[in-house]
Amino acid sequence: MRDSRLSNYPRRWNGAPSQELLVIRQNHKTGQRSLDLLRWGLIPHWCKDPTGGRKPINAKSETAARLPTFREAYEKRRCILPVDGFYEWRATKQGKLPYAIAMKDGSPFGIAALWENWEDPTTREWVRTFVVLTTPSNDLVIRIHDRMPAVLKPADYERWLGLEPDPRDLLVPFASEPMTIWPISKRVNSPDNDDERLLEEISLPTDIAV
């Protein structure tokens, strides 16, 4: 079933934490998959904090299966964040510089994520949230950062969404060869900037170029 809010959902160029983004989930009772809007920043279902607590946006794939914040979601509520690229920042002497990472052929891909339902104690409304899983960087992304999203191979989507309790062998650095990376404007630092021009490559001084 498709989320009723999706009819007016615009294309996003700069999804940010606390925003609602599209994720793919699977109903384990019916096997049906759905594309739904969930808020980025996980709130565990058992959280008693009326504010929802710290709301992590990333979780290390190496530890998610055993940490209380993510453990049950990892076993029972896995999902996929569909994207056609992501951003990462590189620390330099001139400050942090943003880069875009995508597939060379421009094709979309899926990032491993976990989702949760949390009942807001003040409104009694259910809040659906998610967290992105990360892995050590591959040989491409390591040039700018030591971690990257856990990109799944299309052939592994079914296993990730299924009932297998611990498919951690899927959470490995994605191959470098199909991917590309380029420097972009610092405009991406503000979620208010959400347009295609964010993907335009900029020139960097030769002493800091990747």
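The values are calculated or read from the model by the stated rules, or taken from the named source; none is laboratory data. Note that this is a predicted model, so its numbers are computed, not measured. Every residue, glycine as well, gets a Cβ built from its backbone with ideal geometry; the counts of neighbours run over all protein chains shown. Ligands, DNA and RNA are stripped out before the accessible areas are found, and what is left, the full protein with its side chains, is counted by its heavy atoms. Shrake-Rupley method; radii C 1.70, N 1.55, O 1.52, S 1.80 Å.
Quick notes on this structure:
- Looking only at residues of segment 151-170 that are touching a helix residue (DSSP H, G or I) at 6+ places or on another chain (Cβ under 9 Å), in contact (Cβ under 8 Å) with a residue 24 or more places away in the chain and under 17 Å from Val83 (Cα atoms), we find that the one that is surrounded by the fewest Cβ atoms within 10 Å (Cβ to Cβ) is Trp160.
- For Asn189, the conditions (1) out of contact with any Leu (no Cβ under 8 Å at 6 or more places or on another chain); (2) under 13 Å from Pro98 (Cβ atoms); (3) crowded, with 17+ Cβ neighbours inside 10 Å are fulfilled apart from (3).
- Of all residues in segment 6-46, those satisfying the criterion of being of a type in the set (Ser, Thr, Tyr), assigned to a loop (DSSP other than H, G, I, E, B) and either modelled with pLDDT under 95 or farther than 25 Å from Arg197 by Cβ (or both) are Tyr9, Thr30.
- Qualifying residue in segment 157-164 (condition: modelled with pLDDT of 95 or more, small (Gly, Ala, Ser) and in contact with a strand residue (DSSP E or B) (Cβ under 8 Å, 6 or more places away or on another chain)): yes
- Taking residues in segment 32-60 that are under 24 Å from Thr135 (Cα atoms), and partners anywhere that are open to solvent by 80 Å² or more (accessible area, probe 1.4 Å) and in a loop (DSSP other than H, G, I, E, B), the pairs with Cβ atoms closer than 6 Å and at least 6 places apart or on different chains are Gly41/Ser18.
- Consider segment 103-150 and keep the residues that are of a type in the set (Lys, Arg) and within 26 Å of Arg54 (Cβ to Cβ). The one that is surrounded by the fewest Cβ atoms within 10 Å (Cβ to Cβ) is Arg124.
- Screening Arg78 on (1) within 30 Å of Glu201 (Cβ to Cβ); (2) in contact with a Phe, Trp or Tyr (Cβ under 6 Å, 6 or more places away or on another chain) shows it passes everything except condition (1).
- Asp3 being surrounded by 15 or more Cβ atoms within 10 Å (Cβ to Cβ), at pLDDT below 95 and either more than 21 Å from Ala102 (Cα to Cα) or in contact with an Asp or Glu (Cβ under 6 Å, 6 or more places away or on another chain) (or both): yes
- Within segment 160-196, if we keep just the residues that are touching a Phe, Trp or Tyr at 6+ places or on another chain (Cβ under 8 Å) and of a type in the set (Val, Ile, Thr), the residue that is nearest to Ser107 (Cα to Cα) turns out to be Ile181.
- Scan segment 48-81 for residues that are closer than 16 Å to Asn14 by Cβ and either touching a Pro at 6+ places or on another chain (Cβ under 7 Å) or not in a strand (DSSP E or B) (or both) and the total you get is 1.
- Arg66 free of Cβ contacts under 8 Å to residues at least 60 places away in the same chain, more than 12 Å from the chain's Cα centre (by Cα) and open to solvent by 90 Å² or more (accessible area, probe 1.4 Å): yes
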